[in-house]
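Asker: Got a structure here, written out as structure tokens. Questions coming.
The values are calculated or read from the model by the stated rules, or taken from the named source; none is laboratory data. Here the structure is a predicted model, which is why all the values come from computation and not from measurement. Please note: Cβ atoms are built from the backbone with ideal geometry, for glycine as well, and neighbour counts cover all protein chains shown. What goes into the accessible areas is simple: the full protein's heavy atoms, side chains included, and nothing from ligands, DNA or RNA. Shrake-Rupley method; radii C 1.70, N 1.55, O 1.52, S 1.80 Å.
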Amino acid sequence: MAESRHFYYLVLLNALINVINNVPRTLINHRSQDVMTALLLSIPAGLIMLYFTSRSVMKLGNETLPERLYRLLPKWAARPLLFGFALVWYMAGSITLLSFVDITLRYISPDTSKYLIMSGFLAVVIYSARMKSNAILFALETLTVLMIPFMAFFLGKTMLNPGFSWDTVLKTVRSGWGFPTFEAMSAATFIFTGYTNMAVFHRAFKSFKLKLRHLWIIAVPGVMTLLTSLLIPIGLLGSAGVEKHVYPWFSTADSIHIEFFLVERLVFVFYLFYITMSLISVIVHWHVAFHIVEIILPFKRRLKSGARSYTVIGCFALPALLMMLMDQETLLHFAIVYLQIRLLGEFSLSVAAVWAVRKRWFR
């Protein structure tokens, strides 16, 4: 069974993967308007939803939140609602995959076929997403512990770089205090979204009760992640120069060289870290989406468990391949729109979790 620490790994994973999901790009777009206000307000907003949702789902026992909602609601309401939740989780994984294929072509191997790269990623994700929740959580823990030293090395290398401009960082901090827009808030709250995976993963926990006094364990790394996501690319690339980069963190890594190391470009170390975290993130998201879709399948009784799982996963792979037809600009716009839809879905999930626990009658 999973332990309490695995909950924090789920939240940490989502915070680290925000670089791939175009969160820094969205925040940078608002750097002269409302970004600091959005960052400030996102902390209590994210923590409130995290607290109530996490405490609610742990009261469901062996039943997942999608299973409880499917049992409580009429079928005509339950199926569209759960399909919407599944779509949000599925798109979270798909955007990560699409962005990482684009990053691989741009920074690592421009001559490789993008469909070949995507097929390799999909093979790993499709095989792993069908695993049990316990196995995924323990794999997440192992990979996170192994990869954190790489991230610490990268942060130290960037902030101690002679070209890092603290004046530019301070200018951004002073100028971003306008009235927050929904777009900026949706990007800033993304780092706390990992708790939503507890809607399915809570069943793997023997016992876990999130207490108010423990929220600082999430709040402190959350604040640090938000600030570094925004300010490190600006400090190294400049307030004007950072606009020209679709993936500002990878451009930041590509601009730094490593003396007396096995590789000269820091981007290779950064890529190693993020390919690992990206794949486990997609596995987690698609595992949840897979569980939800299995619940609402109209023909699930006609298929054996193995055939059913391969049918669902096969349906996951095809749209991801088709979405590769999008160009980079379309993908960026799509990711920004997704972040806003995700915030609405996250709020709906929190309300549904509290309602499902408090409901005393069953259909």
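Asker: Of everything in the stretch 165-187, what is loosely packed, with under 15 Cβ neighbours inside 10 Å and part of a loop (DSSP other than H, G, I, E, B)? Give them in sequence order.
Answerer: TRP177, PHE179
Asker: Quick check on my filter: what residues within the stretch 34-59 are more than 20 Å from LEU339 (Cβ to Cβ) and either open to solvent by less than 10 Å² (accessible area, probe 1.4 Å) or among the hydroxyl-bearing types (Ser, Thr, Tyr) (or both)?
Answerer: Result: TYR51, SER54, SER56, VAL57.
Asker: Continuing with this model, one more query. Mind checking which residues of the stretch 333-359 are within 19 Å of the chain's Cα centre (by Cα) and open to solvent by 40 Å² or more (accessible area, probe 1.4 Å)?
Answerer: Listed by number, the residues that qualify are HIS333, PHE334, VAL337, GLN340, ILE341, LEU344, PHE347, SER348.
Asker: Looking at ASN62, is it outside any helix (DSSP H, G or I) and closer than 30 Å to THR112 by Cβ?
Answerer: Taking the combined requirement at face value, the residue does not satisfy it.
Asker: Can you tell me which of (1) surrounded by fewer than 19 Cβ atoms within 10 Å (Cβ to Cβ); (2) assigned to a loop (DSSP other than H, G, I, E, B) is the one ARG31 doesn't meet?
Answerer: It is condition (1) that ARG31 fails.
Asker: Given (1) free of Cβ contacts under 8 Å to residues at least 40 places away in the same chain; (2) more than 24 Å from the chain's Cα centre (by Cα), where does ALA135 come up short, assuming only one miss?
Answerer: For ALA135, the failing item is (2).
Asker: Those residues that are open to solvent by 20 Å² or more (accessible area, probe 1.4 Å), part of a helix (DSSP H, G or I) and small (Gly, Ala, Ser), I need them from the stretch 74-127; list them, please.
Answerer: ALA77, GLY84, SER119, GLY120, ALA123
Asker: So which residues in the stretch 134-150 are within 11 Å of THR276 (Cβ to Cβ) and either open to solvent by less than 50 Å² (accessible area, probe 1.4 Å) or touching a Lys or Arg at 6+ places or on another chain (Cβ under 7 Å) (or both), if there are any at all?
Answerer: Within the stretch 134-150, ALA139, LEU140, THR144, MET147 qualify.
Asker: For the stretch 155-164, give me the residue count where each residue is part of a helix (DSSP H, G or I) and without any contact (Cβ under 8 Å) to a residue 40 or more places away in the chain.
Answerer: 1
Asker: Then there's this: When you scan the stretch 189-279 for helices (runs of 4 or more DSSP H) that lie fully inside it, which ones turn up with 2 or more residues that are open to solvent by 40 Å² or more (accessible area, probe 1.4 Å) and out of contact with any Asp or Glu (no Cβ under 9 Å at 6 or more places or on another chain)?
Answerer: The helices (runs of 4 or more DSSP H) meeting that bar are 216-237.
Asker: Now a separate question. Looking at the stretch 293-322, I want the residues that are at pLDDT below 60 and have a partner that is charged (D, E, K, R) with Cβ atoms under 6 Å, at least 6 apart or on another chain. Which pairs are those?
Answerer: LYS300/ARG308
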